[in-house]
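Reading through the structure tokens given below for one structure.
The values are calculated or read from the model by the stated rules, or taken from the named source; none is laboratory data. Given the structure is predicted, the values throughout are model-derived calculations rather than measurements. Glycine also receives a Cβ, built like all others from the backbone with ideal geometry; neighbour counts cover every protein chain displayed.
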Amino acid sequence: MINETQGHLLRIYVGEADRHDGKPLYQWIIHRAREMGLAGATALRGLAGFGASSRIHSATILRLSEDLPVVIEIVDRKEKLREFLKVIDSTVDEGLATIEQVQIHFYRSSSDGVGNKDA
């Protein structure tokens, strides 16, 4: 459990079709974050977006893109996120990464006994 109220949010923007070692890049990033002991990671699939190429990727009925935007969000201490970025930097050929300060209100799981009616 994180005992601090200030943390940082790492957002990594990639494409759904991006790959690393034959698997989707976003999955590889999430697995690597877990291996490095980061607090948690979530991948969000976007409905539409564009990046540095300015090409729009969208999930409209007329044209289903096979390369929708994916955002991976990871919250932890700034130092840990910067170390993580050093590890994944060379695997992201196209994309964007940002870090911003966030206020952490709680960080818990059912194994913490918080919110568990049987505890």
Lone qualifier among 42, 60 - being polar (S, T, N, Q) and at pLDDT 90 or above: 42
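Would you confirm, using the coordinates I've provided, whether residue 83 is modelled with pLDDT of 95 or more, in a strand (DSSP E or B) and surrounded by 12 or more Cβ atoms within 10 Å (Cβ to Cβ)? Give the steps one after another, and end with the answer.
Values: modelled with pLDDT of 95 or more: yes; in a strand (DSSP E or B): no; surrounded by 12 or more Cβ atoms within 10 Å (Cβ to Cβ): yes.
Taking the combined requirement at face value, the residue does not satisfy it.
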Considering segment 91-119 alone, what residues qualify as being over 18 Å from the mean Cα position of the chain (by Cα) and either modelled with pLDDT of 95 or more or on the phi > 0 side of the Ramachandran plot (or both)? 113, 115
Anything in segment 1-42 that is surrounded by fewer than 17 Cβ atoms within 10 Å (Cβ to Cβ) and in a strand (DSSP E or B)? List them, or say none. 6, 9, 11, 19, 23, 42
